[in-house]
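As structure tokens, the structure follows; a few thoughts come after it.
What follows draws every value from the coordinates through simple rules; no lab data is involved. Note that the coordinates shown come from a computational prediction; the quantities given were computed from them, not determined experimentally. Methodologically, a virtual Cβ is constructed for each residue, glycine included, from the backbone with ideal geometry; neighbour enumeration extends over all protein chains shown.
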Amino acid sequence: MAKKVIAIDGPAGSGKSTTAKLVAQRLHFLYLDTGAMYRAITLKALENGVDVNDEKKLEKLTKNSVISFKNENGINKIFLDGKDVSDKIREPLIDQNVSFVSVHKKVRKILVEKQKEIGQKNNLVAEGRDTTTVVFPNAFKIYLCADIEERARRRFLELKDKGIKTSLKEQIKEITKRDKIDSQREASPLRVAKNSVVIDTTYLTIEEQVTKVIELYKAKSGSM
């Protein structure tokens with residue numbers, strides 16, 4: 001039987017991760033954070049002194065990496081080569097470099113294959129920047145967006161809660177840079193896929209976002 005997939009794309013700070021986690025939780029689907037996989041490779045590259053612009057070395061590193069997801073007591077965790085890197089991949093240094101790693105076609109090809117394999121075995125909610133366009137083109141598609149100031153504010157508060165020093169101005173600059181790289185890259189650029197339902201989250205709470213996605217999915221699947 002074909003597995004059910006809800007794919008959620010959108011730029012940084014649009015609310016993809018939190019929304020996808022909660023939607024998956026409420027529908028009892030697996031949550032797949034595709035962006036975390038690129039972050040994990042970025043972390044490994046930086047820790048091993050691999051240049052984020054060296055596609056050949058990054059391809060080899062990605063091929064030799066084992067990435068897995070586990071839900072522990074309701075908390076989604078990502079493991080890289082058997083080690084929990086859930087917190088490390090969210091640090092500012094990873095934010096500043098992940099878009100450079102994700103532009104490489106060969107890296108993307110390897111990770112997309114891994115993501116498709118997960119989708120063949122599980123009903124899931126997948127989120128990222130190319131889940132609706134490349135990874136799961138036949139999924140129920142959602143594209144979340146929000147004003148850049150609001151996205152930067154969310155990211156600023158998230159980092160502040162983790163005790164990481166930054167500023168709203170710095171986050172606007174970082175997100176603007178990431179948007180440009182993600183939308184202009186040659187391999188799987190960020191864009192709104194055909195048949196995607198676009199939801200502007202600027203003035204929505206997380207609960208409103210989650211409810212809206214579930215209602216739209218149920219209406220589309222005829223299970224309401």
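A few notes on this one:
- Gaussian network model of the chain, Cα within-10 Å springs - most flexible of Glu149, Glu207, Glu127: Glu207
- Put simply, the convex hull of the Cα atoms in the chain casts, on average, a shadow of 12.0 nm².
- Each peptide in 134-146, 68-80 gets a packing score, the mean of other Cβ atoms within 10 Å over its residues, and the list from highest to lowest is 134-146, 68-80.
- DSSP H segments from the chain that extend 27 Å or more along their own axis, Cα-based, with Kyte-Doolittle mean of -0.5 or above: none
- Separation between Cα centres of segment 150-188 and segment 19-70, rounded to whole Å: 18 Å
- Pairs of Lys residues in segment 90-169 that lie 8 or more places apart, or on two chains, and have C-alpha atoms under 29 angstrom apart add up to 14.
- Nearby aspartates and glutamates by direct alpha-carbon distance to Lys194 (threshold 17 angstrom, same-chain neighbours under 8 apart not counted): Asp9, Glu127, Asp130
- Normalised contact order of segment 5-203, rounded percent, pairs of Cα under 8 Å and 6 or more residues apart: 34 percent
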